[in-house]
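Working notes, beginning with the structure itself.
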Amino acid sequence: MDKPHHWVPGIAERKRQLDAIGVSDPLELYRDVPSELILSEPPRVGYGRVLSEEELRRIALKLASRNRLYRTPPPFTGGGYCPHLVPSVVDYIVSRGEFLTAYTPYQPEINQGLLQALFEYQSLIADLVELEVVNSSLYDGSTAVAEAALMALRVTRRHRLVVASTLHPEYMAVLRTWLLGKNVELITVPMMEDTYTIDIDVLERLVNNETAAVIVPSPNFYGALELEMERIADIAHKHDSLLVHVFEPLSLGLVKPPGRLGADIAVAEGQPLGLGLNYGGPGLGIMAVRWDRRLLRQLPGRLIGMTRDVDGRHAFTMILQTREQHIRREKATSNITTNEALMAVRAAIFMALLGGSGLRRLARTIWLRSHYLAKRLAESLNAYSPLFTSPFFKEFTVRFNVDYEPVYKRLAAEGLLAGLPLRARYGLGSKGDAIFCVTELHSMKDIDMLVDKLASTLQD
Amino acid sequence: MPREWRQARWDEPLIHEIGSINSQGLAIPFADEDNILEKIVGAPEKQLGPLARGEELQLPGLPENVALRHFTRLTQMSYGVDTGPVPLGSCTMKYNPRISEELVATMSIQWLHPYQDEDTVQGLLEALWLLERWLAELTGMDRCSLQPPAGAAGELAGALMIRKYHIDRGDVERVEMLVPDSAHGTNPASAAMAGFRIVKIPTGSDGTMDLEALRAVLGKRTAGIMLTNPNTLGIFEDRILEVAELVHGTGGLLYYDGANLNGIMGIVRPGDMGFDVVHLNIHKTFAAPHGGGGPGAGVVCAKGELVDYLPRPLLERDSDRFYWDYSCERCIGRVRALYGNIVPLLKGFFYIAALGGKGLREAALQSVINTNYFVSLMKGVRGYELPYGPEKPRKHEVVLSALPLRRETGVTAGDVAKALLDRGLHAPTMYFPLIVEEALMIEFTETEPPSVIEEYAAALREIAEEAYRDPESVKGAPMNTAVKRVDDVYANHPRTVTPTYRVYRLRKEGKLS
């Protein structure tokens, strides 16, 4: 090239730089590379030439035209990912370069603002779940479950995990992958046919003194809330194993938090907290643990703490770094370094905009609308809605007395994303099963429209 | 004259100190329908019974404009590449093109549901499919999985792939992963998570791996070796082909840590060096912003038989239609749910699209020119030295040692870092790699113009001069940042460690054991 490029400003002064270095050709700086390894031509990537901003915009517009947006109404598809509010203040703050283009705050004095925002994230989640310690993020809900499992294995020095079969199937798959290198016995607990919650009698038989952790979601993949979480906690604790509660953050506006139900570790996908759908990623892996030195020492991921500077002023910094890979190497509590910091900042802003009363209001709204849809599906369409007797929050499973996937596809073609076809997507349940999700973004009119469209499609 | 600089010092209180549970900064959509709905379905509290969270939620809220001000002030007490140079070695903090933010917004990624039918996200899938092809081409690999959400997750995937490959061949004794002593900390940590025992390989005096030491540990138990090349000293492992031959010769595999790809991108390919598995950091080499710690994207690539072991699903193309292929005969499964961190991946796509192969190659050349230009500026500057093969050209980064400065003045690399902050310049990576005492690991990337490199070199020289004149004044840095030097002992002491405001509050109330 040798022509200046606006992202590679040095090209214009290259000659001066090379003179100072004492070489005439930049490739002389590769003289220690075996010559047969040096590519004779630039790689064939991109569009064969340098593109301007305007050309990039055209590409983006063209690609965008081949994506379909389900925006009015937003998707009703459940299964762990639902559309939620993304306040414009959230989008604006995280687009500011001081946050967006910062590195991990290894130099605390010059990154106090970022550190404080992350400390606030940790603090807000701590009060939400009523557990004392929150790390400053993991990748997503699925890896948070895997990290919780690994942590429990370390804390208890045991090799057996008891996991609810009601966990999101992709979370289960991730857990199995992360455990590939470990000699661990993974046992699943079946669910009850009526409640769609785990069979606690079976659980009681499966948990023993070799069990590192009992991992239970509530609400679970099907939407059902565990009614007897405290009893599950007692069973785990009787054998000195840890209870890992996989929760949904907005539900805690209404439902008792993991910290009060006996959880030792609580993990979640933080996507509902102002992240957007992002076609599934980036997400936000939330992890909270109770105040216990053993747990604190084994916590994976970064942790921000409040301290003071030499003048005694409030200050924030990364703490307990001796747990981490850059110091502890193969003995680290996790290999994680890059996490989802900016997503955690999103969650902090989102929660700050809601406050306690606002979160309660939001959770009630979601509850009311999801229950309205459930009721209408049962009454107008004669569906088993919900399919279980347990309480639920925003997602619930429904059974239609027809093969549901063709219905889903027809509605999708008409611009409406209905409940997730459970059998088609994950090979679970029966052909008539669907997981619906209703949030604050769905108006009553949207819900009525969904029911009407489902009704007319089912009749065909 | 050094730059006169002051960072904002807002002394901004915590949300917990200024918020109240009844403050709310956003409206809930269609909230006026709630009364009607409640009449139809009943009150949630009643139905939840004992599961209901009875009392008020003790979470502080802020009015919209107050929240906006609070977080704007916090950004003003932060520092990124948009503020000034962040020459952290091995972090490749290059300029993050602003246009990519706009392009991701154009594509409305925030509104794409992960369960949408593939036919309704063909534009996105096409971009990701092209990205995969381009990354495979740049690394000399056959296929890539876009799933790992960060470099370390890519490493874990790669290490698990190597483990499963050996196990499937009945080679269950191969449990040792070789890692140079100069490696990134994530390498041994990832290998350990995958169940390997770590065998450390020392670095020779010329700054490359000690091949004798390598030969001595290779054997039937060797699963593979994890390398980054150029290594963390910025030096190219010139005997890499021999290393590959030795490791392959004993039945082991080669893993390439892509954190240091920037200086050779488009010039040398890991696949040609003999590597079997590679991970890339889209948020480093391919200009996606780091976001203060994430989200990143850590694509993992493989060639030959190892392709079978990549995490699934993989993107496939059937004439003009793109789709996810979930088939997994020998694959390791999934390293995270769904498909990957789409937003940074797309930014990587647009970055490669913008520069093309020629542009990427020029970027790599310029990053290496910048490193060596900086080395030339630092030559003979009192207080610093260039350990390991000082005559060798560096690639993406260089590691200086402030050992002479410490010996002669008591001022450490850590002090130098803080003094840089006082000049409005971000510090380099500190005390890494572990094989260099008082290490200052510096990577400017291709996006810093020569004038910034000159300013940085001048700052390092001035700080050293000040250290020889008045060491205490350097040790007093930083003075111009939002806070002065933070108290790490207080931060980490069991009696004062405060990971959340909840801990602070409970401790004050005497309720913390």
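Tell me whether the stretch A:380-394 contains one or more residues that are more than 9 Å from chain B (Cβ to nearest Cβ), in contact with a Cys (Cβ under 6 Å, 6 or more places away or on another chain) and in contact (Cβ under 8 Å) with a residue 60 or more places away in the chain. Scanning the stretch A:380-394 turns up at least one residue that is more than 9 Å from chain B (Cβ to nearest Cβ), in contact with a Cys (Cβ under 6 Å, 6 or more places away or on another chain) and in contact (Cβ under 8 Å) with a residue 60 or more places away in the chain.
Quick check on the stretch B:91-111. Is at least one of its residues more than 7 Å from every other protein chain (Cβ to nearest Cβ) and closer than 30 Å to B:ILE435 by Cβ? Yes; the residues of the stretch B:91-111 include at least one that is more than 7 Å from every other protein chain (Cβ to nearest Cβ) and closer than 30 Å to B:ILE435 by Cβ. Being surrounded by 23 or more Cβ atoms within 10 Å (Cβ to Cβ) and within 9 Å of another protein chain (Cβ to nearest Cβ) is the filter here, so list the residues in the stretch B:426-443 that pass it. Residues satisfying the conditions are B:HIS426, B:ALA427, B:THR429.
In summary, helices (runs of 4 or more DSSP H) completely within the stretch B:138-252 and bearing 3 or more residues that are touching a Ser or Thr at 6+ places or on another chain (Cβ under 9 Å) occur at B:151-168, B:186-193.
When restricted to residues that are within 8 Å of another protein chain (Cβ to nearest Cβ) and either under 30 Å from B:ALA353 (Cβ atoms) or part of a helix (DSSP H, G or I) (or both), the stretch A:3-26 contains 14.
Screening B:LEU103 on (1) assigned to a loop (DSSP other than H, G, I, E, B); (2) among the hydrophobic types (A, V, I, L, M, F, W, C); (3) touching a Phe, Trp or Tyr at 6+ places or on another chain (Cβ under 7 Å) shows it passes everything except condition (1). Here A:TRP367 passes the criteria (1) facing chain B (nearest Cβ under 7 Å); (2) under 30 Å from A:LEU114 (Cα atoms) except the one numbered (2).
Okay, residues lined up against (1) in contact with a Leu (Cβ under 7 Å, 6 or more places away or on another chain); (2) over 27 Å from A:GLU98 (Cβ atoms):
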{"site": "B:GLU4", "(1), (2)": "no, no"}
{"site": "B:ALA8", "(1), (2)": "no, no"}
{"site": "B:LEU14", "(1), (2)": "no, no"}
{"site": "B:SER23", "(1), (2)": "yes, no"}
{"site": "B:LEU26", "(1), (2)": "yes, no"}
{"site": "B:ASP32", "(1), (2)": "no, yes"}
{"site": "B:PRO44", "(1), (2)": "yes, yes"}
{"site": "B:ALA52", "(1), (2)": "yes, yes"}
{"site": "B:PRO63", "(1), (2)": "no, no"}
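Yes/no per residue for (1) surrounded by 15 or more Cβ atoms within 10 Å (Cβ to Cβ); (2) touching a helix residue (DSSP H, G or I) at 6+ places or on another chain (Cβ under 8 Å); (3) not in a loop (DSSP other than H, G, I, E, B):
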{"position": "A:SER390", "(1), (2), (3)": "yes, no, no"}
{"position": "A:VAL398", "(1), (2), (3)": "yes, yes, yes"}
{"position": "A:ASN401", "(1), (2), (3)": "no, no, no"}
{"position": "A:VAL407", "(1), (2), (3)": "yes, yes, yes"}
{"position": "A:GLY415", "(1), (2), (3)": "no, no, no"}
{"position": "A:ALA418", "(1), (2), (3)": "yes, yes, no"}
{"position": "A:ARG425", "(1), (2), (3)": "yes, no, yes"}
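Checking each residue in the stretch B:135-165 for being at the interface with chain A (Cβ under 7 Å from one of its Cβ atoms), surrounded by 23 or more Cβ atoms within 10 Å (Cβ to Cβ) and not small (Gly, Ala, Ser) picks out B:LEU138, B:PRO149, B:GLU155, B:LEU156, B:LEU160, B:ARG163. The set of residues in the stretch A:386-410 that are of a type in the set (Phe, Trp, Tyr) and over 29 Å from the mean Cα position of the chain (by Cα) contains only A:PHE400.
Scanning the stretch A:173-185 for residues that are more than 8 Å from every other protein chain (Cβ to nearest Cβ) and buried (at least 23 other Cβ atoms within 10 Å of the Cβ) yields one hit, A:LEU175.
Any residue in the stretch A:83-95 that is under 18 Å from B:THR447 (Cβ atoms) and not assigned by TED's automatic domain parsing to the domain that holds A:THR307? Spell out the reasoning first.
Start the filter on the stretch A:83-95 by keeping residues that are under 18 Å from B:THR447 (Cβ atoms), which leaves none.
No.
Scanning the stretch A:90-102 for residues that are under 21 Å from the mean Cα position of the chain (by Cα) and facing chain B (nearest Cβ under 7 Å) returns A:ILE93, A:SER95, A:PHE99, A:LEU100. Within the stretch A:364-391, being in contact with a Lys or Arg (Cβ under 9 Å, 6 or more places away or on another chain) and either within 30 Å of B:GLY80 (Cα to Cα) or among the aliphatic types (A, V, I, L, M) (or both) holds for A:ILE366, A:ALA383, A:LEU387.
Based on what the data block shows, is B:LEU345 in contact with a His (Cβ under 9 Å, 6 or more places away or on another chain) and either under 30 Å from A:TYR30 (Cβ atoms) or not assigned by TED's automatic domain parsing to the domain that holds B:MET265 (or both)? Taking the combined requirement at face value, the residue does not satisfy it.
Matching residues to (1) in contact with a strand residue (DSSP E or B) (Cβ under 9 Å, 6 or more places away or on another chain); (2) buried (at least 23 other Cβ atoms within 10 Å of the Cβ); (3) without any contact (Cβ under 8 Å) to a residue 40 or more places away in the chain; (4) not assigned by TED's automatic domain parsing to the domain that holds B:PRO230:
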residue: B:ASN262; (1), (2), (3), (4): no, yes, no, no
residue: B:MET265; (1), (2), (3), (4): no, yes, no, no
residue: B:ASP272; (1), (2), (3), (4): no, no, no, no
residue: B:HIS279; (1), (2), (3), (4): yes, yes, no, no
residue: B:ILE282; (1), (2), (3), (4): no, yes, no, no
residue: B:HIS290; (1), (2), (3), (4): no, yes, no, no
residue: B:VAL299; (1), (2), (3), (4): yes, yes, no, no
residue: B:VAL307; (1), (2), (3), (4): yes, no, no, no
residue: B:PHE322; (1), (2), (3), (4): yes, no, no, no
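Every condition in (1) in contact (Cβ under 8 Å) with a residue 12 or more places away in the chain; (2) surrounded by fewer than 17 Cβ atoms within 10 Å (Cβ to Cβ) holds for A:ALA236 except the one numbered (2). Residue count for the stretch B:315-336 satisfying the condition of being at negative phi and within 26 Å of the chain's Cα centre (by Cα): 6. The set of residues in the stretch B:12-35 that are within 7 Å of chain A (Cβ to nearest Cβ) and without any contact (Cβ under 8 Å) to a residue 12 or more places away in the chain comprises B:ILE28, B:PRO29, B:PHE30, B:ALA31, B:GLU33, B:ASP34.
Under the condition of being part of a helix (DSSP H, G or I) and either more than 24 Å from A:LEU273 (Cβ to Cβ) or at pLDDT below 95 (or both), which residue from the stretch A:126-172 is farthest from the other protein chains (Cβ to nearest Cβ)?
A:THR156
In the stretch B:325-346, of all residues being surrounded by fewer than 24 Cβ atoms within 10 Å (Cβ to Cβ) and of a type in the set (D, E, K, R), the one that is nearest to A:LEU284 (Cα to Cα) corresponds to B:ASP325.
B:GLY123 falls short of the stated requirement of being more than 7 Å from chain A (Cβ to nearest Cβ) and farther than 30 Å from B:VAL268 by Cβ. For the stretch B:359-398, a tally of residues being surrounded by fewer than 24 Cβ atoms within 10 Å (Cβ to Cβ), without any contact (Cβ under 8 Å) to a residue 12 or more places away in the chain and either under 30 Å from B:ALA297 (Cβ atoms) or within 11 Å of another protein chain (Cβ to nearest Cβ) (or both) returns 3. Just for the stretch B:281-314: of the residues that are within 24 Å of the chain's Cα centre (by Cα) and among the β-branched types (Val, Ile, Thr), which one is farthest from B:GLY151 (Cα to Cα)? Result: B:THR285.
The values are calculated or read from the model by the stated rules, or taken from the named source; none is laboratory data. Here the structure is a predicted model, which means the values were calculated and not measured. Neighbour counts are summed over all protein chains in view; Cβ atoms, including those assigned to glycine, are modelled from backbone coordinates with ideal geometry.
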